[in-house]
Amino acid sequence: MAAVSARRMLLSLSLVAAVCAAAHAQAVAPAPSGAVPAWTLRMKGDIRWQQVTPAGALLVSTDAALAAVDIERGQIAWEKPELGGLPADSVRMIEGSLLMQAERQGLLLVFDPVTGAVVFDSRRLNVTQIATRRVLPQSGTLLVHGRRAAGPAVVALYDLSTGTQRWASESLFQQSEPRRAGFAGLMQSVVHAASESTELEALQAGPDMIVVNTLTGLRALDARTGAVKWSASLPTARAGNPARHVRLYPSLKKRDRLYVSFDDRLMAYALADGRALWARPAQVEGWVHDIVQHPDGIVILPESPPAGEATGHVRIVNGIVQTGLNVARYEDGTTIAAKPLRMRGTVMEALIAGGSVVLEVDAESRTFVNVLDVATATVRLKKDVKIKGRLEYAELTPAGLLYISRPDAATNAEVNIIDLTSGEPRFKDAIESGRPLSSGDYDAARYSLHHAVEGRTLYVFANRDHRLYAVDRDAGTFKTLGGEIEMQGGEDPTDMEIRPSGLILIAPQNLVVVGRDGQVKHQTYHPAPRLPGLLRALYAIDAVRAGLYGAAASAYGDAFAQASRTATDANVQRATGELATAFTQGGAQLTGYSRQAAALASKRFRASLTVPGSVFMLTRAPEGNGNVLLEIAKDSAQPRARVDLGKEREPVYAVDDIAGMLFLQTSPGTLVGYRL
């Protein structure tokens, strides 16, 4: 599971983002109406594309250069001629950071988008292949690992603010064991070569230490000098074989250690000297997929190992590789259950619910759920319950296990409650989503069950019958609210929010305000233009405004990803994964970034906590003369502002919801910023 992969939530947390990458084009548009011009800027050449970065800088690409625009003053902050003419997909943010990277043949630049300072330039180290690039905010650094055209691989650490190289090492992949002869020696050489080109697992273990794993073992590095503080070998089932599927986890309960999973094992190591803290690793059946640090123990989630790579006994039932889950004690790593609990396949999720954990198990694309009592390492249901779709939301209520699934191209989603005594669903006719007859035109957003929680009520909108439902979470009952809610243009909602005015159903060209009784209060529809170029520009907006996670959640550092991955509460997972930790610790997680970038990021984070009150719709001008971009108020479904885009087939523009601005090329090379 990726470090910044977001777990599904137990409770909804509505945070909406603000970025847009416009379509590529040479475009000319008339002056806008209904919005206030803030500034006008003449660029060096026609604008190819624009992109608002999570840090708040507006990147503008021309054939002459890549430039950053200060959106408050409308001035060019910096220019990089060597990056002129790059396509939009060649410039993107570094996962888990505020930094951006630009890549072209023979060149990789990592830079601060606010100041333009270059943090890493591949030409300085003569690196031809980059395997690892990780931001480590506690030490304010960027870790880079790559191979050169000749010679050993190099690992280097750079200061985030200045780009100064703190240290570079060519010895990290050296074999710590004695050189062997014969076949064993050949295998040593193979492992060494593979480790040089394999992405490093890295963990920031306090401001002064970085722990990494190569195929040859663990290394703790001094963050200031790169010196190896200690080394440790992972105790695999067969001595001398390199550990596979290795992951590092910070300890949330005991600050003196870290946890390392590898193959079918989990081990604790002391941060001070790398010694093993448990007499032997805790084991499961299968490979370790992830861990959950619950107050009552470490839940070790197993996954089915690749064919031929299992390290222990393999059980296969009806063609499906079975796994075994267990719970390890923090003190000594011993497992609570004498034998691993049998699972039907890979345990994909473990959602915390008080003293229990809701398990989602994937068995050949079929989903089963159960409830694990962590303290006793026993399951509440005698038999796993099969559900439709994939688990999206789950909580334990007085009525049982309430869950919502999400659909795929072959399976509906559903809402139901499982009685924990009988294991039977409470709703004979579950609330279900619709799905297409064929997977060729499948759109997951269109066939999802949109939901939101308010008090004891879970509101659900089903696109299958276009109806709103209210589920009483305590009583375990549900009812239909109002009648069918139709949207024009054949659209279905792609999102739903709860606001004081009611429930807001949002589609690309429709917005509906529904009262809590299911009655429609306001509704608006603005048909989409039919020109392909305009539709591409429209889809670019929709693709990046799906939620804060897609834009800014991955923008604030490694610590957030680590905390999100291992937190024991799903709400904490989401909040830490989407920036909150940085600001509960006084902004400590922004250490190392430039003062300007940290200040702007902090400002944008605080602004993003308030859900924007409007959406944007690209539509035909009511007068029939060209096209317009409308800002629609969510509470009233009425236009707030309008920008005329003229008759151009592919207008070049970008929208920043957090700053409340729109950036439009009004004539070749002329960029105008408008306050909405």
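Read the figures in this text as sums done on the coordinates, not as results from a lab. The structure displayed is predicted, hence computed values, not measured ones. Heads up, the Cβs are rebuilt from the backbone with ideal geometry, glycines too, and the neighbour counts pull from every protein chain shown.
Describe numerically, in nm with one decimal, the distance between label points set 7 Å from Cα along Cα→Cβ at ASN241 and at GLN519. Distance between label points: 6.9 nm.
Compute the signed sum of charges (Lys and Arg +1, Asp and Glu -1) over the other residues within less than 12 Å, Cβ to Cβ, of SER501. Intermediate results must be reported in sequence, preceding the final value.
Values: positive: ARG499, ARG516, LYS521, LYS634; negative: GLU497, ASP635.
Overall, the nearby charge balance is +2.
Model label points for ALA64 and ARG640, set 7 angstrom from Cα along the Cα-to-Cβ axis, are 3.5 nm apart.
How would you order 404-416, 79-91 from highest to lowest mean count of nearby Cβ atoms within 10 Å?
Working: 404-416: 21.2, 79-91: 15.7.
So the order, starting with the most tightly packed, is 404-416, 79-91.
Work through the residues other than ILE300 whose Cβ is under 10 Å from its Cβ and net out their charges, Lys, Arg +1 and Asp, Glu -1. Don't jump to the answer; show the numbers that get you there.
Numbers: positive: ARG265; negative: ASP264, ASP290.
Its environment carries a net charge of -1.
Amide hydrogen proximity for LEU676: with H placed 1.01 Å from N in the peptide plane, the residues at 5 or more positions away or on another chain lying under 5 Å are MET661, LEU662. For ASP472 and THR378, the FRET efficiency from 1/(1 + (r/R0)^6), where r spans their Cβ atoms and R0 equals 25 Å, is about 0.30. Listed by chain and number, the lysines placed with their C-alpha closer than 23 angstrom to that of LYS80 are LYS44; residues fewer than eight positions away on the same chain are left out. Counted by Cβ distance under 14 Å from ALA470, the other residues give a net charge of +1, where Lys and Arg count +1 and Asp and Glu count -1. For the pair SER171 and ARG92 in one chain, pulling the backbone fully straight at 0.36 nm per residue adds 25.4 nm over the alpha carbon distance. Quickly work out the ALA149-to-SER233 label distance, labels modelled 7 Å from Cα along the C-beta direction, and quote it in nm with one decimal. Going by the 7 Å Cα→Cβ label model, 3.8 nm. Judged by the mean number of other Cβ atoms found within 10 Å, the most tightly packed of the peptides 355-368, 282-295 leads the ranking 282-295, 355-368.
For LYS428, the lysines whose Cα falls under 21 Å of its own Cα, not counting residues fewer than eight places away in the same chain, are LYS382, LYS383, LYS386, LYS388, LYS479. Counting only lysines at least 8 places from LYS253 when in the same chain, those with an alpha carbon closer than 29 Å to its own are LYS229, LYS339. In this structure the amide hydrogen of THR128, modeled in the peptide plane, comes within under 5 Å of the amide hydrogens of ARG147, ARG148, ALA149, none closer than 5 places in sequence on its chain. Peptide packing: for 488-501, 509-522, the average count of neighbouring Cβ atoms within 10 Å per residue gives the ranking 509-522, 488-501, highest mean first.
Report the calculated FRET efficiency for LYS479 and ALA338 (r = Cβ-Cβ distance, R0 = 41 Å), to the nearest 0.05. List each step's numbers first, then the result.
Values: r = 46 Å, r/R0 = 1.13.
For LYS479 and ALA338, the calculated efficiency is 0.30.
Remark: the LYS254-ASP465 segment gains 70.9 nm on full extension, using 0.36 nm per residue and subtracting the alpha carbon distance.
Along region 359-367 the Karplus relation, 6.51 cos²θ - 1.76 cosθ + 1.60 evaluated at θ = phi - 60°, assigns HN-Hα couplings of 9, 10, 10, 9, 10, 6, 6, 10, 10 Hz to successive residues, with x for each Gly and Pro.
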